[in-house]
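To keep things clear, I will list the structure first and then write my remarks on it.
The values are calculated or read from the model by the stated rules, or taken from the named source; none is laboratory data. Computed from a predicted structure; not experimentally measured. Cβ: placed from backbone, ideal geometry, glycine included. Neighbour counts: every protein chain shown. Note: accessible area is taken over every heavy atom of the protein model, side chains too, but ligands, DNA and RNA are not part of it. Shrake-Rupley method; radii C 1.70, N 1.55, O 1.52, S 1.80 Å.
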Amino acid sequence: SQQGEEDPQALSIQEGENATMNCSYKTSINNLQWYRQNSGRGLVHLILIRSNEREKHSGRLRVTLDTSKKSSSLLITASRAADTASYFCATPLGYTGANSKLTFGKGITLSVRP
Amino acid sequence: DTAVSQTPKYLVTQMGNDKSIKCEQNLGHDTMYWYKQDSKKFLKIMFSYNNKELIINETVPNRFSPKSPDKAHLNLHINSLELGDSAVYFCASSHILTSGGVPGTQYFGPGTRLTVL
């Protein structure tokens, strides 16, 4: 079953603007991860936020996590054309243990216009 | 320098054929995965191996058979290919558990685009 769902499905912004992407999930989690996929490439891990964290930064990325609302947001500040990609949130299904797995949402297509 | 590599990158074949995709990681990870990404970009896990042992086997037709000869390799063999098998297949690897007991960051290969005619 699908755990995470991103919103919006597609986002088009001008270079220099900020991009905000949201993810909602269904069950309790230990962490939430965001990945980026450039066209024709594999996914690249961006950032992991644990359930006891509310906010995390990495360069131009800012991730928040609200466990009470079961949601997360990814903010990319001062976007660049190179940020054009699909963005996925991923959450573990199965709390811990060898059979725990990451489930991915359907992704958000971000287009940054030069 | 490639962390997770897959071969081939593209695979075009006829229905009914048998094909294999190979995956290798040089990150020293103990867990490897196969994912299928459909045309709508939905990424679904198929299999997971930890230290050469199968630990996750999703609802995948038994025409798909993974094989892990060692911790650094996880191959995927597909028998009797069908049109619906057309997709991009990604291999990934990770340490299975972080210190907090949760799935670690996954590192993905570049993908194999399989087209079944």
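For the reader, a short list of remarks on this structure follows.
- The residues on offer are B:K67, B:K19, B:K41, B:K52, and the sole one that is under 24 Å from A:Q33 (Cβ atoms) and open to solvent by 50 Å² or more (accessible area, probe 1.4 Å) is B:K41.
- Flag: B:A87 does not match the condition of being hydrophobic (A, V, I, L, M, F, W, C) and in contact (Cβ under 8 Å) with a residue 60 or more places away in the chain.
- Residues in region A:30-46 that are outside any strand (DSSP E or B) and in contact with a strand residue (DSSP E or B) (Cβ under 7 Å, 6 or more places away or on another chain): A:N30, A:N38, A:G42.
- Test: residue in region A:7-29 that is in contact (Cβ under 8 Å) with a residue 40 or more places away in the chain, touching a Pro at 6+ places or on another chain (Cβ under 6 Å), assigned to a loop (DSSP other than H, G, I, E, B) and away from chain B (no Cβ under 14 Å): yes
- Unique match (being open to solvent by 50 Å² or more (accessible area, probe 1.4 Å), more than 10 Å from the chain's Cα centre (by Cα) and aliphatic (A, V, I, L, M)) among A:A10, A:A19, A:A85, A:A81: A:A10
- Selected residue (only one of A:L75, A:L46, A:L61, A:L102 is open to solvent by less than 40 Å² (accessible area, probe 1.4 Å) and touching a Ser or Thr at 6+ places or on another chain (Cβ under 6 Å)): A:L75
- The residue list B:L81, B:L114, B:L74 contains one member that is modelled with pLDDT of 90 or more, assigned to a loop (DSSP other than H, G, I, E, B) and open to solvent by less than 20 Å² (accessible area, probe 1.4 Å), which is B:L81.
- Residue that is modelled with the lowest pLDDT, among those in region A:47-66 that are touching an Asp or Glu at 6+ places or on another chain (Cβ under 9 Å) and assigned to a strand (DSSP E or B): A:I49
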